[in-house]
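Any read-out appearing in this document is the output of simple, stated calculations on the displayed coordinates, not a laboratory observation. None of the values given here were measured: they were computed from a predicted structure. Here Cβ is always computed from backbone atoms with ideal geometry, including for glycine, and neighbour counts include all displayed protein chains.
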Amino acid sequence: MTKRISIVDDDPAVIDSIQLLLQSQGFKTECHPDAASLLAAPPDSDCILSDVRMPGMNGVDMMRELRTRKDVRPVILLTGHGDIEMAVNAIKGGAFDFIEKPFDPTRLIATIGSAINKADEKKVIQGETAQWQERYDSLTDRQRETMVLLVQGFANKEIATRLGISPRTVEIHRTWVMNKMAARTLAELVRMGIALDIA
């Protein structure tokens, strides 16, 4: 599926050159002259490529606003020579990367590819975690208690003592937990527990 890149820059010549480059590599593009224009548009691109210094809202503030809106699209910032400190702060604030102008076209394309791949991986992980949360919510209170202790590394006998039930009953709860969570192994259940932050 063709990926769409949002380009944000107040210089029409820069927008034209980036648009030509990206389209030559098979990307679709949408262009915005400033941050306000991007923020007003539907969030349907796969990656945002933005200048740091623009009239009105700068690229770093735009990125912060996107995060406030829970917009998880990766942001790559294009920076002039004097903007390095600002760009480093942007990375700390969640930007995927920054590229100095004049940029190397090969590096720009590679960075966009990495950003999109990373974002796609994140979507898969978020989807999996949402599924696991649904399954966890379907457990009974006792099954949840059993799962938490299993994920924390306790053996059946220890779980039985902590919960005041027989080891046999723990076995039954454990079987239900494994089935309902669709975990094939204990290691898989532990991974789920870590993702759900119950470990």
Looks like segment 11-77, by Cα gyration tensor root eigenvalues a ≥ b ≥ c and the a/c under 1.5 rounded cutoff (else prolate when a/b is bigger than b/c, oblate otherwise), is oblate
Rounded to the nearest 0.05, FRET efficiency between Gln133 and Glu100 (Cβ-Cβ, R0 25 Å) equals 0.05
For segment 4-124, shape from the Cα gyration tensor axes a ≥ b ≥ c, cut at a/c of 1.5 then a/b versus b/c, turns out rounded
The simple spin-label model distance between Ala110 and Ala13, using points 7 Å out along Cα→Cβ, in nm, is 2.8
The exposure ranking of His32, His173, fewest beta-carbon neighbours within 10 Å first, is His32, His173
Footprinting proxy, Val148, Val177: sorted fewest to most Cβ within 10 Å, the residues are Val148, Val177
Stretched fully, the stretch from Ala155 through Thr175 gains (0.36 nm per residue minus C-alpha distance, one decimal, in nm) 5.8 nm
Once the in-chain neighbours fewer than 8 apart are removed, the lysines whose Cα is under 28 Å from Lys118 read Lys3, Lys28, Lys70, Lys92, Lys101
Between Gln25 and Arg168, the two model label points (7 Å from Cα along the beta-carbon direction) sit apart by a distance in nm of 6.5
